1. In segment 524-570, carbon and sulfur make up what percent of the accessible area (probe 1.4 Å)?
2. Could you grab the relative contact order for segment 283-336? Cα pairs under 8 Å, six or more apart, rounded to a whole percent.
3. How much length, in nm to one decimal, is gained on full extension between residue 72 and residue 107, taken as 0.36 nm per residue of separation minus their Cα-Cα distance?
4. Quick one: compute the contact order of segment 708-839, relative version, from alpha carbon pairs under 8 angstrom and 6+ residues apart, as a percent.
5. If R0 is 30 Å, what FRET efficiency do you get for residue 340 and residue 505 from their C-beta distance, rounded to 0.05?
6. At residue 532 and residue 130, where each label point lies 7 Å from the Cα along Cα→Cβ, what is the point-to-point distance in nanometres?
7. Could you give the length gained by full extension between residue 369 and residue 140, i.e. 0.36 nm per residue of separation minus their alpha carbon distance, to one decimal place?
8. Considering only protein heavy atoms, what per residue accessible area in square angstrom results for segment 524-570 with a 1.4 angstrom probe?
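The values are calculated or read from the model by the stated rules, or taken from the named source; none is laboratory data. What you see is a predicted model; the values in this text were computed from it and never measured. Note that each Cβ is placed from the backbone with ideal geometry, even for glycine, and that neighbours are counted across all protein chains shown. For the accessible areas, the whole protein counts, side chains as well, though only heavy atoms, and no ligand, DNA or RNA atoms are used. Shrake-Rupley method; radii C 1.70, N 1.55, O 1.52, S 1.80 Å.
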Amino acid sequence: MVPHSLSDSSSDDDRPTITLFRRNRSVHKQLGGRKVADILLWRNRNLSAGILAGATLVWFLFDVVEYNIVTLLCHIALLGMLLLFIWSNAAPLFDRPPPQIPEVIVSEHAFREIALTIHYKLAHFVSILYDIACGKDLKKFLLVIGSLWVVAVVGDTCSFTTLLYIGFLCAFTAPALYERYEAEVDHLIAKGGEDLKKFYKKVDSNMLPDELMIEVLLRLPIKSTLRFRAVCRSWASVLSSEEFCGLHMAKAEESSAPPKLFFTAPTAGFDATAVYLGSSSGPGGGLLFTLKDVRGDFVDMTPAPCHGLTLLYDAVAPAYYVFNAATRAVTRLPPFQDVASATAGLVFDAHTKEHRVVRLFRGNYLDKQRIKCEIYSLGGEQGDCWRPAAGGVPFRFCRAANVAIIQATSDECFRWVKSPPFVVSGVHLVELSGHLCMVRDLRNVSTDCSMLEIWKLNVEKVVIATSKRKVVVYDPVFETLETILAIREAHSSYQTEQSALRVSLFQESLVPVCQTNEEMTLSTPLTKATWEILLRLSGDYTVQSKLVCKEWHRLIENKTFIHSYYSHRNMDRRPKIMLVGRGTGSSGFSFAPINKLSQHTPDHDTWLDTKVVCSKPCHGMNLISTETEDYLYNPCIGYRQVYLTRGPFINSSWNASGYSHIPGNHAFSVGSKNVGLGFNLLMQDHVIVKFLYHQKDFKSRGYLLTCTVTTVGIGCAQSHLHPPLPVNDMPPTYLAGVLYWMSEPRLGQSYERAIVSFDIATKMFDVIPCPSCIAMWNKSPYLAFVAELEGMLCAVHANPVEEELDIWKLENGHWYQAYKVYLKGWSGYSLATNVVVPLAVDPKDGRILLNSGRKLGLYDPARHFIESLYDLDEVLHAKNTKKSSCIRFYILASPNNLSR
């Protein structure tokens, strides 16, 4: 058959013949020229028809009859086993040999060759897909996209087995049909290829020129530009180049739009700092990013970006951060020499195209040159560390620093600039419209003056940030003030009159933030995999993993990893219970999981020989108190620190008016002191608050109580604090930066109960009213104390007459009764002879964990049933040990944490 001509042009007769896949061999040879080619081209009609019929039968069973593949395989196996059973048993009757299954042996060489071939083919296939996906060949990219779209549409209209059968049917019939109608198919393909080329040339000729495309991209916002970097490699290279970043910054500076601002504010937990885009609506919807482990009330940053980047200083860590507020890229600079007095700034070297952080600080008093300078280059060739300035610091800087301005140049040498004709104390330097200016606060000179004096000013308007969390614009021509930013909401409850608003100008910039070597190491796939593995190990194994190598040691010591480990290991928020025992040697105390001690009776050497009280965990730490010492422990890693109790000890009997039913030796009191463990959310440090009674007389209601606050990290103690009310001997509870005690109504002038609160950050006491049923004492035999359940403050009222615990919760400033625990009839939990403390609520089933000092159980509020977890009396009976008042167990609900 002669192919029909589809074009009237005479040039079509001279066009070379185009064949499918540009082959020069026959279809049979193209398919291998062997048995497979014979089957696909139907040279052996019976075999080809049988294979097609078998495939059709399989499709019919699975798709039409909806036969399950598991059922089919089981039926085939049953049929095969039945035939083998009949054959093997009937063979001796007919004098036939039993069935023999041929042994298939694949040599090691052949298996290796097969594996290498599969690996090579798979790697080659993945490489081809990667090249196509990167957009290197637009034709192949569009072809693959179109093919996948067609397959997706077809797959949406039929089942998977039908799709496989259609593919098999096409592969089984298309080669034979093509071999029969080869000339017609080749002609149509050639014509379609020519039409596709014409269309591609037409589209390509209508594409925008590179210059115009760059102009369009320069007008896009930062967020869209960052997304467009993922289009293809060429776009990523262009949009990340220094030339494009410079053009984008110049375009943003040409804009006459009013300046944008951003500011920082502490998060709700005070363990991070949030950066918000300036808005008068407050820190609600303008969140840019969050800096972890940075305390918002102890940060300072540059008032304006330097070539797109901003420098931020965390005084608590201490640490410097460099970030681009527009792209949200942040890097933490390496550690530096920590001194009491230092200042730093961010500069840009136009010659080397790199940012530098220049830091001036006072060295040791014994140093000949006290004023020192060190420099860190972001992404520079000098290494990932701070280095001294190349030009050094002028020796006369110490004497002349108060009368001159020191300026560091690009060659890292200092030069002097004469200051204005007045004493420069109480002034600061700023950059306004490209000019170096000095701001003099005249309010420090006279109380009647409210002026700011700015020298060398050559701008139209000045942006001023105030301590009232406002930003105003001052017009020197009309002498007017206009408020452009007012932060009405702030997370920090510790804001003072002296706290300044940390605000800076926002600049649209694509300048990259170079990572440090440590950050680049932590971002590798191997480190990320190691990170995930270590998060799933127990605390002791994770600590031991520090010895593997230096990289693992740095990874585990990383603060971000410690916080991630704490969050990951305590996601379920279920109480994890450990028992405290006597340690070996000088270790003080030992800790063992309750499930381990439930299976094995502990040795007699682990029984406590002194009375202790253990707190609930507070940011990974537990406080164990005896009458003379307090021990700060992290049971996860074995860290401990000892604090001695100084002062006279008194012995006051509980058998005084009001609590005659409660033994003075109950499990939760220790001597004449009351110690609590808290956490300073601003300083991110543990704090021990200790109340010590020097005098306690229930008859005259007189008392002498002192309070000592010890900050663990820096080791300082403050003892000039006076609680507003006396507190009872039940341990306090910690919640969100505040410690709470129940007052003692038998001492002092007040006959009512109240809750004494201590804000750790501000070191301020306050009094919170109790529910009316708890506040009324009237010399009743009821005991009351505070507890923390489900993250809320609770007041517990113990009724020994009815054998009930009433638990009240404080929510939104109002008390309501949350639980009522019925203990009548439960041995070991009688309120007439024991103090029963609710420790936690299981978030899974709502059961309450109860501790009486000798028994531990889970109370079900729905069934009024107590499931015993540990019974000290049973253990003592099993060990044939005499009961002793000094042998007790205490509960340590300790989460996993690696902090010290």
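1. 62 percent
2. Computed over segment 283-336, the figure is 25 percent.
3. Going from the current span to full extension adds 9.4 nm.
4. Over segment 708-839, the number comes to 14 percent.
5. FRET efficiency, residue 340 to residue 505: 0.50.
6. With each label placed 7 Å out from Cα toward Cβ, I get 1.9 nm.
7. 75.7 nm
8. 62 Å²
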